[in-house]
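**Student:** Okay, handing you the structure first.
Only the coordinates and a few stated rules stand behind these numbers; no lab work does. Just so we're clear, the structure is a prediction, and the values are computed from it rather than from any experiment. All Cβ positions, even for glycine, are placed from backbone atoms using ideal geometry, and neighbour counts span all protein chains on display.
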Amino acid sequence: MINMTQYHLCALILMGVVLAGSHVPAAQAQSAQLAATPPMGWNSWNHFAGKVTDSDVRSAADAMVASGMRDAGYVYVNVDDTWEGERDAQGNIQSNSRFPNMKALADYVHSKGLKFGIYSSPGPKTCAGYEGSYGHEEQDAKTYAGWGVDFLKYDLCGLRPIIRLYDPQQDPKKSSAMMREAYAKMRDALIKTGRPIVYSICQYGVDSVWEWGEEVGGNLWRTTDDISDSYRSMALIGFSQAGLERYAKPGHWNDPDMLEVGNGGMSADQYRTQMSLWAILAAPLLAGNDLSKMDETTKSILMNREVIAVDQDKLGIQGFRLSPPQIWVRPLADGAKAVALFNFVTDDVPQPITLRFKDLGFSGPVHARDLWAHKDLGILHDSYTVIPPMGGVVMLRLWK
């Protein structure tokens, strides 16, 4: 733990960061290149949480290759909280005994044709109470670059006590400025390393982060609290994204948190709902299950190439809600539109949903394909009516 003098010194350094600094254009240019489409990969937290080990991460990398996930577009292998050890006499962050050599782990991940991600916090401690980057931003960024890190998840948790300390009256403007400055400070540190590192702002949607996430260099920013492996949690988070679409674009994405597919708390139809909704939302696709123990259903959901193609569409436009809460639409680069029709009710008899093509801007007949059935529906006229399964979805691609 750092003492109060150190807190004051670090806070003064932190508050001296100027958001509109010379690094902003460089950050924006780098962001567009790093995350032209939403990042895809795996994160350790949802399944392993604080018990994750070097061996678990290597197994995940192996499984991403063996299962075909890498070839389907999943490339990031990200270690979440609890890898951190103490700092050495020079203040350099060390990994703990569960991760004996972080450079060697990154090298192993890279040898599989994958990229390596890590986690930290702008506060003195992380969410789980491990060493954060507060006052060591440049030092840590340099260490990460030396290890070969390609992705940093930077979690707000540990900064909250600092904000309370220096903003005891909880002035929204002052708190907001401190948060933005903290994230900008690590942005500058990452750029200074010269290594391309995707910057993931884990900020839970506090202070409408989508309005300023790009300004502080974020490639993606969390718009919600943590997801859990339940339909209620997933649906509340996913369907609450309506209205945020104007903030997403290539290089900068709204992030409704990780996928729960394969963790066992939802049905296959409900997991298809998450995968479909996240694709419509142009959300990052970060699997959170044990990749070494996937059944065929889990694989078929995570590696549905047609749904992934919607998520990774080069146009980079986030979808929107056409009709609450059932019908969501995303325009695609080739002029087609992806449409997801959800059965949002789980405790009642499923009801039919009718999609009218004129509401999508189509006139005359349209071609249609069902992306989960992998089936062409032929040429349709005027409308399409379907009954999605309970808690499930029917996802279509429509074009003239």
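**Student:** Taking amide hydrogens as modeled 1.01 Å from N in the peptide plane, which residues meet the under 5 Å criterion relative to Asn78, leaving out close sequence neighbours?
**Tutor:** Amide H neighbours of Asn78: Trp42, Asn43, Ser44, Gly117.
**Student:** Shifting gears a bit: Regarding the range 171-269, what is the average projected area of its C-alpha convex hull, in nm²?
**Tutor:** Its average projected convex-hull area is 7.7 nm².
**Student:** Also, quick follow-up: May I ask you to compute the full-extension gain from Asp334 to Lys314, defined as 0.36 nm times their residue separation minus their alpha-carbon distance, rounded to one decimal in nm?
**Tutor:** Length gained, Asp334 through Lys314: 6.3 nm.
**Student:** Express in nm, to one decimal, how much length is gained between Lys400 and Ser292 on full extension, taking 0.36 nm for each residue of separation and deducting their alpha carbon distance.
**Tutor:** In short, 34.7 nm is gained.
**Student:** Additional query: Treat every Asp and Glu Cβ in the range 322-399 as -1 and every Lys and Arg Cβ as +1, leave all other atoms uncharged, and give the resulting dipole magnitude about the Cα centre to the nearest 20 debye.
**Tutor:** It comes to approximately 240 debye.
**Student:** Which one, Gly68, Ser120, Asn96, is farthest towards the positive end of the dipole of the range 65-163 when Lys and Arg carry +1 and Asp and Glu -1 on their Cβ?
**Tutor:** Farthest along the dipole direction, towards plus: Gly68.
**Student:** So, in Å, what gap is there between the alpha-carbon centers of the range 38-107 and the range 145-211?
**Tutor:** That distance is 21 Å.
**Student:** Using amide H atoms built in the peptide plane, which far-off residues or other-chain residues are under 5 Å from Val52 H to H?
**Tutor:** Amide H neighbours of Val52, under 5 Å, 5+ apart: none.
**Student:** Hey, what does the equivalent ellipsoid look like for the range 4-318, semi-axes from the Cα gyration tensor as sqrt of 5 times each eigenvalue, largest first, whole Å?
**Tutor:** One finds semi-axes of 30, 23, 18 Å for the range 4-318.
**Student:** So, one more: Quick check: the distance between the Cα centres of the range 236-261 and the range 382-400, to the nearest angstrom?
**Tutor:** 21 Å
**Student:** Where is the GNM fluctuation largest for the chain (alpha-carbon springs, 10 angstrom cutoff): Gln274, Gln169, Gln94?
**Tutor:** Gln169
**Student:** How compact is the range 154-215 by the rule of thumb for globular proteins, expressed as Cα Rg over 2.2 N^0.38 Å?
**Tutor:** 1.16
**Student:** Output the relative contact order of the chain, whole-number percent, from Cα pairs under 8 angstrom with separation of 6+ residues.
**Tutor:** 15 percent
**Student:** Follow-up question, since we're still on this one. Using 1/(1 + (r/R0)^6) with R0 = 25 angstrom and r between the beta carbons of Val349 and Asp225, what's the FRET efficiency to the nearest 0.05?
**Tutor:** My answer for the efficiency is 0.20.
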